[in-house]
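Below: one structure, written as structure tokens.
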Amino acid sequence: MPELPEAEAARRRIADGVLNRTIQSFALGEISHVELPSEAERAGLTGTQFTRTHRHGKYIFVGSADGPWLHIHLGMAGSIRVTQAGEDTPKYARLSVVFDGGTRLHFRDPRKFGYVRMVPDVDAFIADKGLGPDALGIGGNAFAQAVGGTRGAVKSALLSQKKLAGVGNLWADEALYRVGIDPAVRACDLDAVRIGGLHSAVREILQTVVETGAVYAKLPRDWLIHNREAGVPCTRCAGEITKKTVGGRTSYYCPAHQVAA
DNA sequence: TTTACTGTTAGGAC
DNA sequence: TGTCCTAACAGTAA
């Protein structure tokens, strides 16, 4: 379920598991409709080592000292797994990088919305994509400018990677639930105090999920993530969780305490 | 068998 | 020109 915290957990798995090991070979799974590095690009990486990682929003980068970067996007359902010699290849592994000693880095992607490609430069990639500031590092003023000015639904603004990189459907709902804002409210109708509160909520939620390694079971029981179902009681007031579509995305919220103003 | 789905983006509407 | 909205993508799982 990859948004920023899941991408960060994946990045850490890569950083902890396979840096400074020599790449021996690659293995491919069922790869129809999956974008992966070409045979020539894979050959170019063989014999080299990854030495550093980077993440911006939901986008992951794995690089050698001066070579191109391996860029991973997890899409709707992708994940990263590291296995040791003798362990089975995980299901839905599309690309596996085999390192010295048999350690393997697997890019899994059941739904095939993700991809792996080579990019020459991370900053240029981010600029080219038009990605906004990383949602974990963005300051209050930048957040207010990015999200506050738009005329569309505040949830749509949170989901726009061009305004703010890293927030997806689940954590956008979680943040709005915490601060009590209706997801369909026009962002430009929110006052500075509420925008400030939303900024804090987004950062705190993402930070907390990152700290658990994106293991949802470790998150507090009163979070919306454990109650994303129409009809269940709200954990913050006497209301009831309700489902509606905002900006084309399924949204869960509590109409009793998530209000327009 | 039917339905919904966590992300991204092209294309059309305004 | 810019901003916003919808549909589509491919496959899985409930």
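Of all residues in segment A:7-41, those that are within 17 Å of residue A:61 (Cβ to Cβ) and of a type outside the set (A, V, I, L, M) total 10.
For segment A:142-163, which residues satisfy the criterion of being within 12 Å of DNA strand B (Cβ to nearest atom) and touching a residue at least 60 places away in the same chain (Cβ under 8 Å)? A:152, A:155, A:156, A:159, A:161, listed by residue number. Going residue by residue through segment A:53-66, is there one that turns out to be assigned by TED's automatic domain parsing to the domain that holds residue A:96, within 16 Å of DNA strand B (Cβ to nearest atom), closer than 30 Å to residue A:138 by Cβ and part of a loop (DSSP other than H, G, I, E, B)? Yes, the conditions are met somewhere in segment A:53-66. Against the test of being farther than 17 Å from residue A:251 by Cα, assigned by TED's automatic domain parsing to the domain that holds residue A:242 and modelled with pLDDT under 95, the options A:162, A:155 yield a single qualifying residue, A:162.
Would you be able to tell me the number of residues in segment A:20-53 that are closer than 29 Å to residue A:204 by Cα and either modelled with pLDDT under 95 or among the aliphatic types (A, V, I, L, M) (or both)? Write out each step before concluding.
Start the filter on segment A:20-53 by keeping residues that are closer than 29 Å to residue A:204 by Cα, which leaves A:52-53.
In the following step, the residues that additionally are either modelled with pLDDT under 95 or among the aliphatic types (A, V, I, L, M) (or both) were identified as none.
The total comes to 0.
The condition of being touching a residue at least 60 places away in the same chain (Cβ under 8 Å), at negative phi and β-branched (Val, Ile, Thr) does not hold for residue A:235.
Does residue A:136 fit the bill of being within 21 Å of residue A:73 (Cβ to Cβ), part of a loop (DSSP other than H, G, I, E, B) and away from DNA strand C (no atom under 16 Å from the Cβ)? Explain how you work it out, then say what you get.
Details: within 21 Å of residue A:73 (Cβ to Cβ): yes; part of a loop (DSSP other than H, G, I, E, B): yes; away from DNA strand C (no atom under 16 Å from the Cβ): yes.
Here the answer is yes, as residue A:136 does meet what is asked.
Within segment A:21-35, the residues that satisfy the criterion of being in contact with a helix residue (DSSP H, G or I) (Cβ under 8 Å, 6 or more places away or on another chain) and surrounded by fewer than 18 Cβ atoms within 10 Å (Cβ to Cβ) are A:21, A:22, A:24. The residues of segment A:59-112 that are within 26 Å of residue A:166 (Cα to Cα), buried (at least 17 other Cβ atoms within 10 Å of the Cβ) and of a type in the set (D, E, K, R), listed by number, are A:81, A:94, A:108, A:109, A:112. Hey, can you tell me all the residues within segment A:238-261 that are loosely packed, with under 13 Cβ neighbours inside 10 Å, assigned by TED's automatic domain parsing to the domain that holds residue A:155 and over 24 Å from the mean Cα position of the chain (by Cα)? Matches in segment A:238-261: A:238 only.
The values are calculated or read from the model by the stated rules, or taken from the named source; none is laboratory data. Just so it is clear, the model here is predicted, and its values are computed rather than measured. Here the Cβ is made from the backbone with ideal geometry for all residues, glycine too, and neighbour counts use every protein chain on show.
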